[in-house]
Amino acid sequence: AALNIRRDVRLLHVGPLVDLPFPANEPRILHLDPVDQRQLAELYHRARFLVLASREEGLSVVLAQALACGLPVLCTTRTGGEDLVGMIDCPEAVIVVEPDSSRALAEGMARAFAISLKLRGKDLLGASGRRNLSWAAYGHRYGMRLEALVAQSSTDSKGVQG
């Protein structure tokens, strides 16, 4: 099926081509093989927003990287993007849509473009994002979760008669 892309829009795909054919005959859709992490910031600064239309991702680091570079993100409910909304000072910079819906993705892209114009030059992470997305904060949350699991296991095992 032909893609209906605005004439002034170009899409850049960065990363491996895995399970879907790439529309090679569409001149406004470009592809780059995986790049070194240090090159991503340059690519982010040239873009209006990042799209991660994944079907299963967990929490994708590229979402936080893009936000750190001032780039709004459009992602699916299966990328962990929803978790970032409550962790940053500019939650409207994260647009979350349902996966496997070209309509939802197209509507999300329209919203992302408008938001990118509104938020251009703003600190999307803010102090909250830098604090919440640090390794120290991650380690603290992980430790707290482990302690909760140990406490729950201890409580559960007390009720077991041997």
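Laboratory data are not the source of any read-out in this text; all were calculated from the coordinates shown. Note that the structure is a prediction, hence the values are computed from the model and not measured. No Cβ is skipped: glycine too gets one built from the backbone with ideal geometry, and neighbour counts run over all protein chains shown.
Values computed for the structure shown
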| read-out | value |
| --- | --- |
| Derived scalar couplings ³J(HN,Hα) [region 60-69; Karplus, 6.51 cos²θ - 1.76 cosθ + 1.60; whole Hz; x for Gly, Pro] | 7, 5, 4, 5, 5, 4, 4, 4, 4, 8 |
| Whole-Hz ³J(HN,Hα) from phi, Karplus 6.51 cos²θ - 1.76 cosθ + 1.60, for region 18-35, glycine and proline x | 10, 10, 9, x, 9, x, 5, 8, 9, x, 8, 10, 10, 10, 10, 4, x, 10 |
| For the chain, built as a Gaussian network whose Cα springs stay under 10 Å, the top-fluctuating residue of Ala136, Ala114, Ala64 | Ala136 |
| The chain: most fluctuating residue of Asp123, Asp100, Asp19 per GNM, C-alpha cutoff 10 Å | Asp19 |
| Point-to-point label distance, Ala127-Leu32, nm (Cα→Cβ direction, 7 Å offset) | 3.4 nm |
| Amide proton proximity set for Ile95, modelled H, under 5 Å, gap of 5+ | Val73, Leu74, Cys75 |
| Cα-based shape type of region 9-90, given that a ≥ b ≥ c are square roots of the gyration tensor eigenvalues and the cut on a/c is 1.5 | prolate |
| Helical contribution to [θ] at 222 nm, DSSP H n ≥ 4, -39,500 (n - 2.57), averaged over the chain, rounded to 500 | -13500 deg cm²/dmol |
| Added length on full extension, which subtracts the Cα-Cα distance from 0.36 nm per residue, Leu43 to Ala151 | 34.3 nm |
| Ile29 long-range amide H proximity, modeled H, under 5 Å | Leu11 |
| Residue with peak Gaussian network fluctuation, the chain [Cα springs, cutoff 10 Å], from Glu92, Glu147, Glu107 | Glu147 |
| Hz values of 3J(HN,Hα) by residue in region 41-50 - Karplus curve (6.51, -1.76, 1.60), Gly and Pro given as x | 4, 4, 5, 4, 5, 8, 9, 8, 7, 9 |
| Charge-dipole axis of the chain as Lys and Arg at +1 and Asp and Glu at -1 on Cβ define it, positive-most pick from Pro27, Val9, Gly86 | Val9 |
| Candidates per GluC sites (Glu not before Pro) in region 9-70, loop by DSSP, up to 14 other Cβ within 10 Å | Glu56 |
| Over region 11-162, relative contact order from alpha-carbon pairs under 8 Å, at least 6 apart, % | 18 percent |
| Reported label for calculated Cα Rg over 2.2 N^0.38 Å given (1) 1.13; (2) 1.40; (3) 1.27 | (3) |
| Shape of region 79-135, Cα gyration tensor, a/c cut at 1.5 | oblate |
